[in-house]
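Just below is one structure, and these are the notes that go with it.
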2 protein chains.
Amino acid sequence: MKNILDRNQNKAEEVRTMLKAGKVMMVNIISSPGAGKTTLLERTCEALAGKVRIGVIEGDVTTDRDAQRLKKYNIPIVAINTEGGCHLDSHSISKALEHFDLEHIDLLFVENVGNLICPSQFDLGETFKLAVVSTTEGDDKPAKYPMLFSEARAVILNKTDLMPYTNFSIESFMADMAAINPRITVIRASAIKGDGLQTWLEWLGRQIDEFSAV
Amino acid sequence: MKNILDRNQNKAEEVRTMLKAGKVMMVNIISSPGAGKTTLLERTCEALAGKVRIGVIEGDVTTDRDAQRLKKYNIPIVAINTEGGCHLDSHSISKALEHFDLEHIDLLFVENVGNLICPSQFDLGETFKLAVVSTTEGDDKPAKYPMLFSEARAVILNKTDLMPYTNFSIESFMADMAAINPRITVIRASAIKGDGLQTWLEWLGRQIDEFSAV
């Protein structure tokens, strides 16, 4: 296992160096199945069309349903089918990158396999990890699955429109998050309704500015 | 990997033989994080108190929050902390079983780690697998994560109380399920509201009867 992680880390550093040279910011999106990663990407592609040149790597254990959902935005998409594998790794990302014309991409999203555990252990060479967690999963998810939340630069707390119908406690969630990762940015959103989207896009814009400036 | 799975399978068969001899039916519950496994167990323990002698093995990557939630039912519980591991295996189950007095247990629930992928690859020696999926995760989960659904004897479609507020299509869900596993029993429920609980308990009762009869 250590060997696998070491080889993954080496390749991730290669990917990171290449993307940095090519001025491509890569965001590794991680969540449970059904937390709303693809819907967030749909809204983001709509909002940034004509402003930011987006590419997407779609990771799935089987099917290309998520990639199909994004085709309408006419952006470059590469689907990685892990054939049962529970996470992406830097080697598959490195191969996927060969299919992009990186000179014409500013922002590359990686939608990882829906899994709150394994993907957080594999550096893909991303600029940062973005966690997505939905209110319907319960407020205890950061405490119960801390690895991702301790590493992510931001977390989208999604499906806030459903919060009134659940026993989700925002106080409990925020207290756990602060204990696990005091520096993380929490953005409350409902990707399906559009709530919080402006906050997300402004925050994302600042990350692009900072990435370009370094 | 094949080696790991082979060793897991051998130990699983040992566990299965032992439980069969001891007349203990073991149910391996698998779902995404936050689909409602623990709440389902809470309702089930309440309903069966004094009727069926229940034990629980709680699998978690960290914390013992779920085990704590079940303590009030005064049943034997063993918590397995996988320390970051993404699934339980038959060796950890075999060790956990040493802490139970199996002569006084009829029904042993294993709440696996919250993960729709990895746990489905590891036979624990269970009598059958039970999938839990919530309506808020979206109707495409069986198609996107077919391994679990192809193996499970039943699936609890949980959080039906939230269905009216989502774009979940029961037709699409049922069509995908039928294609993946025509024999699976689908039980619609809201564990938190109690909807569908009676159907679940009657179905579970029949499984116990059949297990005892063989």
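Quick note: the coordinates plus some simple rules give every number you see, no bench work behind them. Given the structure is predicted, the values throughout are model-derived calculations rather than measurements. With ideal geometry, Cβ positions are generated from the backbone for all residues, glycine too; neighbour counts draw on all protein chains shown.
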Requested in this report: Relative to the longest principal axis of the C-alpha atoms of chain B, give the angle of the C-alpha long axis of helix B:2-21, reported between 0 and 90° and rounded to the nearest 10°.
Outcome: 70 degrees
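Classify region B:78-189 as rounded, prolate or oblate, taking a ≥ b ≥ c as the square roots of the eigenvalues of its Cα gyration tensor: rounded when a/c is under 1.5, otherwise prolate if a/b is larger than b/c and oblate if not.
Numbers: a/c = 2.06, a/b = 2.01, b/c = 1.03.
Prolate is the answer for region B:78-189, as a/c is 1.5 or above and a/b outweighs b/c.
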Report task. Could you pull out every residue, at least 5 positions away or on a different chain, whose amide H is within less than 5 Å of the one on B:Thr185? Hs are placed 1.01 Å off N in the peptide plane, and Pro or chain starts have none. Result -> B:Ala154, B:Val155
Query raised in the report: In nm, one decimal, shortest first: how far is the label point of A:Lys2 (7 Å from Cα along Cα to beta carbon) from the matching points in the other copies?
Result: 2.7
**Report entry** Overall form of region A:1-74 per C-alpha gyration tensor (a/c, 1.5; a/b vs b/c)
**Finding:** oblate
Query raised in the report: Which FRET efficiency, nearest 0.05, do B:Thr199 and B:Arg65 yield, Cβ-Cβ r, R0 45 Å?
Result: 0.95
Query raised in the report: Are any of the pairs A:Lys144/B:Lys37; B:Lys11/B:Lys51; A:Lys144/A:Lys193; A:Lys37/A:Lys159 more than 19 Å apart by Cα-Cα distance, and if so, which?
Result: B:Lys11/B:Lys51; A:Lys144/A:Lys193
Query raised in the report: Using θ = phi - 60° and the Karplus curve 6.51 cos²θ - 1.76 cosθ + 1.60, what whole-Hz ³J(HN,Hα) does each residue of region A:34-47 get, with Gly and Pro shown as x?
Result: x, 7, x, 4, 5, 5, 4, 5, 4, 4, 5, 4, 4, 5
Report task. In nm to one decimal, list the spacings between the B:Pro164 label point and its equivalents in the other copies, with label points set 7 Å along Cα to Cβ, shortest first. Result -> 1.3
Query - Loop-exposed GluC sites (Glu not before Pro) per DSSP, neighbour cap 12 Cβ within 10 angstrom, longest uninterrupted part of chain A - result: A:99-214
Report summary line: Copies of B:Glu103 compared via label points 7 Å along Cα→Cβ give distances in nm, shortest first, of 7.9
Report task. Could you work out the mean projected area of the convex hull around the alpha carbons of the protein assembly as shown, in square nanometres to one decimal? Result -> 20.1 nm²
**Report entry** Sequence of A:Asp64, A:Asp89, A:Asp161 once ranked by neighbouring C-beta atoms within 10 Å, starting from the fewest
**Finding:** A:Asp64, A:Asp161, A:Asp89
Query - Vicinal HN-Hα couplings computed from phi for region B:123-136 (Karplus, 6.51 cos²θ - 1.76 cosθ + 1.60; Hz; Gly/Pro x) - result: 5, 9, x, 5, 5, 7, 8, 10, 8, 10, 9, 9, 4, 6
Query raised in the report: Where the only charges are on Cβ atoms (+1 Lys, Arg; -1 Asp, Glu), what is the dipole of chain B about its Cα centre, to the nearest 20 debye?
Result: 160 debye
Query raised in the report: Going out from 0 in 10 Å bins, what whole percent of all Cα-Cα distances in region A:1-142 drops into each bin?
Result: 12, 44, 35, 9, 0
Query - Charge-dipole axis of region A:57-210 as Lys and Arg at +1 and Asp and Glu at -1 on Cβ define it, positive-most pick from A:Gly114, A:Ala143, A:Val61 - result: A:Ala143
Query raised in the report: For B:Met26, which sequence-distant residues (separation of 5 or more, or a different chain) have an amide H within less than 5 Å of its own amide H, given hydrogens modelled in the peptide plane?
Result: B:Leu108, B:Thr127, B:Phe128
